[in-house]
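Everything below concerns the one structure shown next.
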Amino acid sequence: MKPSVRHFLDIWRLDAASLRGILDDAHARKAARRGWGQAVVDKDAPATGRTLAMIFEKNSTRTRFSFDAAIRQLGGASIIANAADMQLGRGEPIEDTARVLSRMVDAVMIRANRHEDVERFAQAASIPVINALTDRSHPCQILADLQTLEEHRGPVAGKTIAWVGDGNNVCASLIHAASRFGFRLTIGCPPQYHPDLVDLARAADQGADIEMTADPRAAVEGADCVITDTWVSMGDTDHDARLKAFEPFQVDEALMALAAKHALFLHCLPAHRGEEVTDGVIDGPQSKVFDEAENRIHAQKAVLAWCLAGN
Ligand code: CP
Ligand code: NVA
């Protein structure tokens, strides 16, 4: 990987100061354009003359629209393709695709089935590569989540965030963020669906304060924010076993009542109402899921601006 290129592959790869700078920029960009039309370009237009390529191997609503809106608001342009429509889908090597696109665009955003494919793409590319979800992580989502928590409740450092449910890709990025942003993380999950042990070990090495329990009530007790996600992620095949194992992990009104009174509820969406969360919670006063979805634009603008500033 060329060290001078600013990839955004995982939160744990960036230092705390760079990440804080990105989140501060996300807050500032959102504040600066309050009341503006969606297509109005930010005053500094840092992506003027730049193109972002967006490649999707999996379905997406928020990521697709928010990255497209983001690059336009920065003054740039976008090209979107489903991987299945590219030669990538017929077996062209990832490295060759990366080298070709490096001659045609200024940054690439990829949503991929396999995390290692995004890493291989970044190894071969001479332009920034952004991870827009893999089987192992979803870093852009967690930046938007932290932005949402901060805009409603102030600095995330020192707060307690509770993750309830599957120890999946979104949970992994939250684990990666814990030490970098200085929050305490409690994870309530069934033992067989625990987070990746390499992620937990690295987080511990990086000084993260993370506790894991099989009791969802213990996980949320006194938390400033409760986060959950679907029990069946894209690519998961054990649908019935999952639904059964996660049943006690539904975020309902009774579980939310154990968190701090001021606690927020977040969910990256899409939600499966009646499974991981009740209508009462996701539509209730503590839920900020639509601010969270909007913040995908603002957080990713800050990521794009940071990536492009390095090239
Ligand atoms: N939260 C999220 O990444 O949503 P999409 O799958 O719709 O992009
Ligand atoms: N964990 C979910 C997140 C979707 C945005 C998935 O990977 O399907």
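Give the residue, chosen from Arg20, Arg34, Arg64, that is under 21 Å from Glu292 (Cα atoms), of a type in the set (Lys, Arg), without any contact (Cβ under 8 Å) to a residue 12 or more places away in the chain and open to solvent by 40 Å² or more (accessible area, probe 1.4 Å). Show your work before the answer.
Working: Arg20 fails: without any contact (Cβ under 8 Å) to a residue 12 or more places away in the chain; Arg64 fails: without any contact (Cβ under 8 Å) to a residue 12 or more places away in the chain.
None of the other options fit; the residue is Arg34.
If you take the residues of region 166-184 that are assigned to a loop (DSSP other than H, G, I, E, B) and over 22 Å from Pro248 (Cα atoms), which of them is nearest to ligand 1 (Cβ to nearest atom)?
If we filter region 166-184 for residues that are assigned to a loop (DSSP other than H, G, I, E, B), which is where we start, we get 166-168, 182-183.
Then keep just the ones that are over 22 Å from Pro248 (Cα atoms); that gives 182-183.
Values: Gly182: 24, Phe183: 20 Å.
If we take residues in region 166-184 being assigned to a loop (DSSP other than H, G, I, E, B) and over 22 Å from Pro248 (Cα atoms), then Phe183 is nearest to ligand 1 (Cβ to nearest atom).
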Looking only at region 55-78, count how many residues are in contact with a strand residue (DSSP E or B) (Cβ under 8 Å, 6 or more places away or on another chain), within 11 Å of ligand 2 (Cβ to nearest atom) and not charged (D, E, K, R). 2
Residue, farthest from the chain's Cα centre (by Cα), within region 60-99, restricted to residues that are within 16 Å of ligand 1 (Cβ to nearest atom) and of a type in the set (Ser, Thr, Tyr): Ser78
Is one or more of the residues making up region 105-115 more than 13 Å from ligand 1 (Cβ to nearest atom), free of Cβ contacts under 8 Å to residues at least 24 places away in the same chain and either open to solvent by 20 Å² or more (accessible area, probe 1.4 Å) or within 19 Å of Asn82 (Cα to Cα) (or both)? yes
Single condition Pro270 does not satisfy, out of (1) within 16 Å of ligand 1 (Cβ to nearest atom); (2) in contact with a helix residue (DSSP H, G or I) (Cβ under 7 Å, 6 or more places away or on another chain): (2)
Pairs under 9 Å by beta carbon, first residue of a type in the set (Asp, Glu) in region 81-96, partner in a loop (DSSP other than H, G, I, E, B) and open to solvent by less than 70 Å² (accessible area, probe 1.4 Å), six or more apart or different chains? Glu92/Met86; Glu95/Ala125
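Go through Gly284, Gly235 for me and flag whichever is modelled with pLDDT of 95 or more and either closer than 20 Å to Thr134 by Cα or assigned to a helix (DSSP H, G or I) (or both). I'd like the intermediate steps shown before the answer.
Working: Gly284 fails: either closer than 20 Å to Thr134 by Cα or assigned to a helix (DSSP H, G or I) (or both).
The unique qualifying residue is Gly235.
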Considering each of Phe290, Phe265 in turn, give the residue that is touching a Cys at 6+ places or on another chain (Cβ under 8 Å) and either modelled with pLDDT of 95 or more or more than 16 Å from ligand 1 (Cβ to nearest atom) (or both). Phe265
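Filter region 116-136 down to residues that are within 19 Å of His176 (Cα to Cα) and either in contact with a Ser or Thr (Cβ under 7 Å, 6 or more places away or on another chain) or of a type in the set (Asp, Glu) (or both) and give me whichever is nearest to ligand 1 (Cβ to nearest atom). Can you show your working first?
Pass one, region 116-136, residues within 19 Å of His176 (Cα to Cα): 116, 118-119, 129-136.
Now drop any that are not either in contact with a Ser or Thr (Cβ under 7 Å, 6 or more places away or on another chain) or of a type in the set (Asp, Glu) (or both), which leaves 116, 118-119, 131-133, 135.
Numbers: Glu116: 20, Val118: 15, Glu119: 19, Asn131: 11, Ala132: 8, Leu133: 6, Asp135: 13 Å.
Filtering region 116-136 for residues that are within 19 Å of His176 (Cα to Cα) and either in contact with a Ser or Thr (Cβ under 7 Å, 6 or more places away or on another chain) or of a type in the set (Asp, Glu) (or both), the one nearest to ligand 1 (Cβ to nearest atom) comes out as Leu133.
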Being in contact with a strand residue (DSSP E or B) (Cβ under 9 Å, 6 or more places away or on another chain), over 21 Å from Ala241 (Cβ atoms) and touching a residue at least 24 places away in the same chain (Cβ under 8 Å) is the filter here; which residues of region 185-212 pass it? Leu185, Thr186, Leu200, Ala203, Ala208, Asp209, Ile210, Glu211
Scan region 216-233 for residues that are within 16 Å of ligand 2 (Cβ to nearest atom), within 16 Å of Gln286 (Cβ to Cβ) and open to solvent by 30 Å² or more (accessible area, probe 1.4 Å) and jot them down. none
Using the structure shown, decide if Gly280 is touching a Ser or Thr at 6+ places or on another chain (Cβ under 6 Å), free of Cβ contacts under 8 Å to residues at least 60 places away in the same chain and either open to solvent by 60 Å² or more (accessible area, probe 1.4 Å) or not acidic (Asp, Glu) (or both). no
Quick one: in region 37-59, which of the residues that are polar (S, T, N, Q) and within 23 Å of the chain's Cα centre (by Cα) is surrounded by the fewest Cβ atoms within 10 Å (Cβ to Cβ)? Gln38
Condition check: within 16 Å of ligand 2 (Cβ to nearest atom) and either of a type outside the set (A, V, I, L, M) or open to solvent by less than 10 Å² (accessible area, probe 1.4 Å) (or both). Does Asp10 satisfy that? yes
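The values are calculated or read from the model by the stated rules, or taken from the named source; none is laboratory data. Quantities reported herein were computed from a predicted structural model and do not represent experimental measurements. Glycine gets a Cβ as well: all are built from the backbone with ideal geometry, and neighbour counts include every protein chain shown. SASA here: full protein model, heavy atoms, side chains in, ligands and nucleic acids out. Shrake-Rupley method; radii C 1.70, N 1.55, O 1.52, S 1.80 Å.
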